[in-house]
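Asks: Quick one: the structure is below, and I'll ask about it shortly.
Values quoted throughout were computed directly from the atomic coordinates according to the rules given, and no laboratory measurement underlies them. Small disclaimer: the values here were computed from a predicted structure and weren't measured. A quick note on method: Cβ atoms are made from the backbone with ideal geometry, for glycine too, and the neighbour counts reach across all protein chains shown.
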Amino acid sequence: MKWIRGRRTRGEGRGGGGEGSNSTVEDGIRIQEREREYSVHATRFDGFLDRAMVDEMIRKNKLRYGLDLNVTRFTDILGNGTRRRITLDPPPKRRRKKSVVGMGGKTTSAAAAVSSNDAEDDDDDMEYVVADPTDVWSNVDTSSCTLRLLRPHEHNDRIHAMLSLLESEFGCMVGSNAYLTPLHSQGFAPHYDDVDVFVLQLEGYKRWMVYAPLNKRETLPRVSSRDYTEKEMEDEERLLDVTLGPGDVLYLPRGWIHQAETVKRPSSFTSRVLPPRPSGTKDDRHSLHLTISAMQNWSWADFLELLMPEALESAASSDKTTSLREGLPRNFLSYMGTMHHDDGVDDDFSALPEGLKQAAKAQQARDLAESHHDGETNEDEEEATMKIRERQRRARRQKRFKEEAKKRIMRVCKQAMSMLDDACDEIGKRFLSDRLPPALLKPERSLTKEGISNGDSKSATRHRHDLSKKIWPNTLCRIVRPDVARLVVEEGKAVLYHCLDNSRVYHGTPLSPMEFEIDDAPALEQLLTTVEPHWIMVNDLIHGDIEDKMEIAQTLYDEGLLATILVDAPDRSVKTG
């Protein structure tokens, strides 16, 4: 995170300088230091992505409109003075269905032979148009369109490695998109997103205009907004109006409205000494930025959506009480619901403090007396009294209903509190399924089984004396990277989930859980929670016998989950397998 935030450039300061030439020399040193800092800052994202790499990505990977990239433009398409976003992606086509011969020799489409549930999988039925690089760049360079590259980390190792580290840092799924916009162009209307976003400016300059959420309801939203018009934003306070240059980073919290336009290099950047560019190129001909997104569907509301239905089901099936399975009160709809809301509350006075309750009852008695003095008959008075009593009876029923409902709600909440760990395990499994495969750094990989196979371990550590890829009683172990695996209990078994085999394509490879006996859980927990710089010796694992300890560690090591070293010669006193 420190690397993404970057360094703050130092100011020149005030006063304190010596006399004459000493001050001049110090000023010169400050300028040189500042120029070096600007140069390092502006080039710190070099190698992640540039226009040439985007072009190569499109050509090599057969990227598809609508799935892998978009071509957009923010323009006054109707000629009425209001700019709107238009998307120029060719629409996908529905694949032709193979004909099948049914009963009686009738020929029908294959779609008729599948269930309605299968038919809902539209993505499999649609054929998306593969982007022609010539057409893409024609739209960008000639028509001033913006190119949005979706999930560039699927094809770019450096971006994938960065996101992998950030997923470990944030503890949630992290994604990326890239945006290339020509000079004096804008690709998207003002809007807010349902994710927290870091904008990394890679090439060119882009002016960003940022507005706070319009109201409390749209603060920390769970879904992205519609496109706003520029007229709608005219009266809103612009909290930030800033131009990003190469190396700059902007953080946009969830719900903050933003829009951006590519601009020429501002005069405020002229003092920055930038590295030379290839001959004949301009550094402000276009803008290219990378967005890193996090926290999607990662709020308390999402957690409770997972927890509460399970808590309700568990509480309802309890063998200790039948309260949630009891029938609803007879005719409760005659006094509950919107049409009966607040019915009788004023007559019952139960919600009032004791002093006000007595005053209200006294006023009610005076009102009845006045109605009698005004000439009302005894029959009218009796009818009014009956109505008041009926309303009070309904109010008491409403109160009892609410009390009974509250008891049951509290029972579900109590059950939910007892299931917090289970819900955390479920959302943890979801995270493992959603996240990218970890891009292990060379020092991490060198201590794994894969690292030994690739020869990475030869220069990585002086401790390893045995390269047989076997676990010994004196082998030191730890998880290869924190939080890449999770241990849960399911149906009386210890089950381990991990993301090492995940695909860069979202949900491209399903999780393959590893099942162990429940008495293996303490040893597994020790291995999964021992993180750098600590180690644990196999012989020190909590288990009944050393053979089981070695077998558990060997299984995780073979799966690529453990980093290991040997300080001494292998202890071959125990044989396994």
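Asks: Only Lys, Arg, Asp and Glu count, each charged at its Cβ (+1, +1, -1, -1), so figure out the dipole size of the range 438-565 about its Cα centre, rounded to 20 debye.
Replies: The calculation lands at about 900 debye.
Asks: Oh, and also: Can you give me the distance in nm between label points at Val531 and Glu230, each placed 7 Å from the Cα along the Cα-to-Cβ direction?
Replies: Once both label points are built, they end up 4.8 nm from each other.
Asks: Further question: How would Trp535, Trp472 line up from fewest to most surrounding beta-carbon atoms within 10 angstrom?
Replies: The most exposed by this proxy come first: Trp535, Trp472.
Asks: Over the range 438-565, what per residue volume does the convex hull of the Cα atoms give, in whole Å³?
Replies: 101 Å³
Asks: Another question, if that's okay. Please give the length that would be gained between Ser323 and Val130 if that part of the chain were fully extended, namely 0.36 nm times their separation in residues minus their C-alpha to C-alpha distance (nm, one decimal).
Replies: Gain on stretching Ser323 to Val130: 63.6 nm.
Asks: Here's a follow-up. Let me check I've understood the local charge: for Asp76, count other residues with C-beta under 9 angstrom from its C-beta, Lys and Arg +1, Asp and Glu -1. What total comes out?
Replies: Residues close to Asp76 contribute a combined charge of +2.
Asks: Using the Cβ atoms and a cut-off under 11 Å, what net charge is assigned to the surroundings of His160, where Lys and Arg are +1 and Asp and Glu are -1?
Replies: Counting the neighbours of His160, the net charge comes to 0.
Asks: Using 1/(1 + (r/R0)^6) with R0 = 60 angstrom and r between the beta carbons of Glu379 and Leu214, what's the FRET efficiency to the nearest 0.05?
Replies: The value I calculate is 0.55.
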